[in-house]
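Here's the structure we're looking at; comments come further down.
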2 protein chains.
Amino acid sequence: MSIMNMKRSHMAGSLRTEHIGETVTLTGWVQKRRDLGGLIFVDIRDRSGMSQVVFDKDISQEAFNQAETLGSEYVISARGKVFKRHSVNPNMPTGEVEIFVDTLEVLNTAETTPIYIKDDDDVGENLRLKYRYLDLRKSSMQKNLMLRHTVSKIVRNFLSDEGFIEVETPMLTKPTPEGARDYLVPSRVNPGKFFALPQSPQLFKQLLMVSGMERYFQIVKCFRDEDLRADRQPEFTQIDCEMSFVDQQDIIEMNENLLKKVFKDALDIDIQLPFPQMPYDEAMERYGSDKPDIRFDFELVDLGEIVKESGFKVFSSAIQNGGFVKAINVKGYAEQFSRKDITSLEEFVKTYGAKGLAWMKVTAEGVTSPIAKFFNEDETKALLEATDANSGDLLLFVADQPKVVYDSLGHLRIEVAKRLGLLNKEEFKMLWVTDFPLFEYDEEENRYMAMHHPFTSPVDEDIPLLDTHPEKVRAKAYDIVLNGYEIGGGSLRIFSSELQQKMFKTLGFSEEEAWEKFGFLLEAFKYGTPPHGGIAFGLDRLVMILAQEENIRQVIAFPKTQNAICPMTNAPSIADEKQLKELAIRVQLPE
Amino acid sequence: MSIMNMKRSHMAGSLRTEHIGETVTLTGWVQKRRDLGGLIFVDIRDRSGMSQVVFDKDISQEAFNQAETLGSEYVISARGKVFKRHSVNPNMPTGEVEIFVDTLEVLNTAETTPIYIKDDDDVGENLRLKYRYLDLRKSSMQKNLMLRHTVSKIVRNFLSDEGFIEVETPMLTKPTPEGARDYLVPSRVNPGKFFALPQSPQLFKQLLMVSGMERYFQIVKCFRDEDLRADRQPEFTQIDCEMSFVDQQDIIEMNENLLKKVFKDALDIDIQLPFPQMPYDEAMERYGSDKPDIRFDFELVDLGEIVKESGFKVFSSAIQNGGFVKAINVKGYAEQFSRKDITSLEEFVKTYGAKGLAWMKVTAEGVTSPIAKFFNEDETKALLEATDANSGDLLLFVADQPKVVYDSLGHLRIEVAKRLGLLNKEEFKMLWVTDFPLFEYDEEENRYMAMHHPFTSPVDEDIPLLDTHPEKVRAKAYDIVLNGYEIGGGSLRIFSSELQQKMFKTLGFSEEEAWEKFGFLLEAFKYGTPPHGGIAFGLDRLVMILAQEENIRQVIAFPKTQNAICPMTNAPSIADEKQLKELAIRVQLPE
């Protein structure tokens, strides 16, 4: 390490022919060094890009000698005059110029790095995370983090301009009953008691509405101790909003404008407003999913009426047992799927509980299918008509209980589109899914659970059904879906203490339990609570899609692995006994 | 609770005479209702302020009847025509107009609130925190939260414009050795192991410099499990920055510009640049503090040379025992301090370890003092000269070991200024304190500790002293002080693995311990680390001073009490056994 005497005059990625003749100082990292024809060529890299600098004995013997010692990733400061480059490199924005160095400072050396600093290095993710500080030198990762910064900035300034105030809510707070699993934090000052890290600022933002803040937002860390997937992390970031004196359409329009701004300012993409709105029931019917990817068709077609009396027992008995028979038409792509391909699609749907996958290919000569023989001419004709099937189409059928049919065909249509290369990452299709059921029945707990959360308002006309048919009550809830990902969701909230208590009762809480767990909210609602509602976006997921990445770890600086550890710092780690004693806890490992 | 049909057309605080004749709809809270002369007057409050609406039977009997039921804090929506007010209220910005209501919607009722919604309500803080959602309805609290939002926004946009990228660092991370006490989070997936909540993103921001991010910032929650004071909370918010390829002066100038921008855009106050820079030693000499309040004088004067041979044993023996005798001159205010006042000041300095407080009043007739008799004429003259004492001045002396003298006189000058009303909250005086010692000796641990943190770079010319005289090594560290509060601090960092290892050695770590605790940093420093440094501001404290508040709880939406609890949610609370078992821990209360 050495003292830096020469300060940067220009960013390495910024030099162009207009700088020819100027003396500049670049600081950065040695991307590579080549010794050629008595000269030494070095690419200097900084956050902005790279420039080539040249060492020539005739200009400075001392700098030349120093340059001979330079290795990859050394940190240097180099001063010299900008010249037109002898052999232009059209692949570099600075490829038309080079700098002949008169003075070099080596600010730091570098050992050989355990991973290469280049985007297409296909090293394992564990090693990338262990040496994350090197992985983040890659231009793709720097671009992702800059995009994330830009998106946050756009969101903050947009919401601020719309009169929203960013208010920080506590990280050390109360557990979330009815939520996912909490992370707990033992309290030293109050031995035997625990804080929980927030799963979302839900109750605090509602209390801010009670307090008359009217428009709140926050970009905030939230925590869920759940098993991890490609798009989940123990800690994640939410864009969290809440508004008073609004209805559902006001919230939807505000957020459409927000997203339009993000796409325009971050990616220079114009998004058309308004987004389509689709009730939950319709989304399930047509796409088998409450977060449909609408970049392509292959919609589900119900065939129950046609096949219920057919000779194909698999279909007719499914209907008789209260199930569905549905199909998707992979329109025009029949030839692209061999029998082997279809067998592999069958394996795919089996992971969603389907017992099999029936299929038909339509050709000019008629239907090719192992199940064709079970249907009479009328039934076959009706099937083809219902699915709008013509020559060249492939029909894929699942017959089963409703949940299995939706799950397997819903995922199948995406799998088929993926195999056909129809998932265009540069296309962004959004829609709102609305009118969710307020409850879903939990077989394990043997009671109703809130589909979103227990503070979601029922649709007014459905309130009387709370006592008699909770399963029929619709929620004033809405999710925003982008290319098959739920990127955000929200609702209008209950704002009356009585209705909130009725809600808890439907969820199976006694009055005592409800007050013990949510007393401060029930109490707050008594003192003049305005109508309010809001939304929360998953920032990690949103940025992941905007960056055209498939894993949220690509847009998080220091993520955890799927085992919730950090290979770089080795967190989590063993705590010392003294501190555990102060916290009044001890470890008791499972036997 | 009722459905809202009429939407707000104007904010209640925005109506002026130019709106006369318009029909407007206001939504908000009933601040108060008065029934007078057959009319009902209601002040409607929203986030922007208040307007008076009037109910008149002749305009709408129905609205009048509804209005008779209105109580304080009811939530309403009221539509009507704006008229010139009969009796103008000069105390309200909307005091020249009133609205005669034709339609009223009562959106929600309110029970009598347990605290009043007015700024000068002097209810106890515990009750305020229990009903924080009501406390936050007060315009002073709303103003504070809006100021906080504004300051964050200004900081983010300024830093963004300066090329800083906001990068989120982990909340679930590794404990901080050499720091304060950590909050721990048990890991379920890795039983027996713990995450720690970050005390600051220090190592992550340094690793981001290793990764070539060059300019990083974050406004971020940090955590310290320490005993609380008026300006401390378990969780607090930091404005955290780090830059590569810069020296101390670059960082100082960037931050001066940032603060200038904050004062200008948030408060419309022009701050003069540059701020004074004062070495640590000078700050201690002159103010007895490394965070001097320079809004007033009363500087410390060293009198050791003058009194070391004097007949006053308290003074002379202090010097002989390696101590100091110093005084402050409370210039011109002698008459304002009675003997009783001085006795109470003596009690005050005793809390800082002083054994007593000697004093002299200078009058036209000479010196009045219980200790005057101990000094000869020359000594007295020299004392008065050294302290620049004239008629009307009060001298206050402390003789003791250096730490006690600095502590007691450093605090005394502030206490005296406070009693004299010299702490003008509308005056903002900043300075940099520089050249801190790198280490301080910890008697309890019997070793050197880093005064800032172990990653602070020593001053280059002092590096050889690391082995021989660690106590003499100065740090490339700087604090920014505003009106006697340290609002931020930073340093240039060590960026060589070898020097960092040497630093750990001086702190008493074996090589093995250093690698075990900080191995990832030592490793990272091997692969090309740029020179870098940064700063962190305490956002809560900064906003507190800008808001002219004296307690950070006034600028935090949902703070904890001094016992680290939240009276509203009752966090922390007992966890259930099932969850503790999943986390592989159990509670073991101290006996």
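Tabulated data for the structure shown
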{"item": "Meets criteria (of a type in the set (A, V, I, L, M), surrounded by fewer than 22 Cβ atoms within 10 Å (Cβ to Cβ) and under 26 Å from the mean Cα position of the chain (by Cα)) for residue B:545", "result": "yes"}
{"item": "So residue B:579, is it within 9 Å of chain A (Cβ to nearest Cβ) and either touching a Lys or Arg at 6+ places or on another chain (Cβ under 8 Å) or of a type in the set (A, V, I, L, M, F, W, C) (or both)", "result": "yes"}
{"item": "Odd one out for residue A:578 among (1) touching a Leu at 6+ places or on another chain (Cβ under 8 Å); (2) within 25 Å of residue B:185 (Cβ to Cβ)", "result": "(1)"}
{"item": "Residue pairs meeting the criteria (Cβ under 6 Å; at least 6 apart or on separate chains; first within 9 Å of chain B (Cβ to nearest Cβ) and under 15 Å from residue B:135 (Cβ atoms), in region A:201-219; second crowded, with 24+ Cβ neighbours inside 10 Å and among the aromatic types (Phe, Trp, Tyr))", "result": "A:207/B:133; A:208/A:216; A:210/B:133; A:211/B:133"}
{"item": "Options A:168, A:162; residue that is buried (at least 21 other Cβ atoms within 10 Å of the Cβ) and more than 21 Å from the chain's Cα centre (by Cα)", "result": "A:168"}
{"item": "Residues satisfying the stated conditions in region A:165-183, i.e. in contact with a helix residue (DSSP H, G or I) (Cβ under 7 Å, 6 or more places away or on another chain) and assigned to a strand (DSSP E or B)", "result": "A:165, A:166"}
{"item": "Strands (runs of 3 or more DSSP E) completely within region B:380-470 that count 1 or more residues being within 24 Å of the chain's Cα centre (by Cα)", "result": "B:430-434, B:447-450"}
{"item": "Extreme residue, farthest from the chain's Cα centre (by Cα), among residues of region A:237-250 that are more than 10 Å from chain B (Cβ to nearest Cβ) and closer than 16 Å to residue A:487 by Cβ", "result": "A:241"}
{"item": "Elements of type helices (runs of 4 or more DSSP H) contained in region B:500-591, each with 3 or more residues being in contact with a helix residue (DSSP H, G or I) (Cβ under 9 Å, 6 or more places away or on another chain)", "result": "B:511-524, B:539-546"}
{"item": "Candidates B:133, B:183, filtered to the one that is within 24 Å of residue A:162 (Cβ to Cβ), at the interface with another protein chain (Cβ under 7 Å from one of its Cβ atoms) and of a type outside the set (Asp, Glu)", "result": "B:133"}
{"item": "Failed item, numbered, when residue A:513 is tested on (1) touching a strand residue (DSSP E or B) at 6+ places or on another chain (Cβ under 9 Å); (2) away from chain B (no Cβ under 11 Å)", "result": "(1)"}
{"item": "Residue list for region A:256-315, restricted to those being among the acidic types (Asp, Glu) and buried (at least 18 other Cβ atoms within 10 Å of the Cβ)", "result": "A:256, A:290, A:293, A:299"}
{"item": "Filtered residues of region A:251-290 (kept if within 21 Å of the chain's Cα centre (by Cα), of a type in the set (Asp, Glu) and either in the same structural domain as residue A:413 (by the TED database) or under 30 Å from residue A:406 (Cβ atoms) (or both))", "result": "A:256, A:290"}
{"item": "Region B:425-457 - residue that is at pLDDT 95 or above and polar (S, T, N, Q) and, of those, surrounded by the most Cβ atoms within 10 Å (Cβ to Cβ)", "result": "B:457"}
{"item": "Residue ranges of strands (runs of 3 or more DSSP E) in region A:189-259 with at least 3 members within 19 Å of residue A:488 (Cβ to Cβ)", "result": "A:215-223, A:235-244"}
{"item": "All strands (runs of 3 or more DSSP E) inside region A:1-110 with 1 or more residues being within 11 Å of another protein chain (Cβ to nearest Cβ)", "result": "A:23-36, A:39-46, A:75-84, A:97-108"}
{"item": "Criterion violated by residue B:233 - all others in (1) touching a residue at least 12 places away in the same chain (Cβ under 8 Å); (2) away from chain A (no Cβ under 14 Å) satisfied", "result": "(2)"}
{"item": "Residues within region B:582-591 that are farther than 21 Å from residue B:195 by Cβ and more than 7 Å from chain A (Cβ to nearest Cβ), tallied", "result": "1"}
{"item": "Looking only at region A:475-501, and only at residues there that are in contact (Cβ under 8 Å) with a residue 60 or more places away in the chain and of a type in the set (D, E, K, R), the one that is surrounded by the most Cβ atoms within 10 Å (Cβ to Cβ)", "result": "A:476"}
{"item": "Meets criteria (over 24 Å from residue B:555 (Cα atoms), more than 7 Å from chain A (Cβ to nearest Cβ) and charged (D, E, K, R)) for residue B:125", "result": "no"}
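For (1) within 7 Å of another protein chain (Cβ to nearest Cβ); (2) among the small types (Gly, Ala, Ser), each residue gets a yes or a no:
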site: B:523; (1), (2): no, no
site: B:542; (1), (2): no, no
site: B:547; (1), (2): no, yes
site: B:560; (1), (2): no, no
site: B:571; (1), (2): yes, yes
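The values are calculated or read from the model by the stated rules, or taken from the named source; none is laboratory data. It should be emphasised that the depicted structure is a prediction, and the values quoted were computed from it without experimental measurement. All Cβ positions, glycine included, derive from the backbone under ideal geometry; neighbour counts span all protein chains shown.
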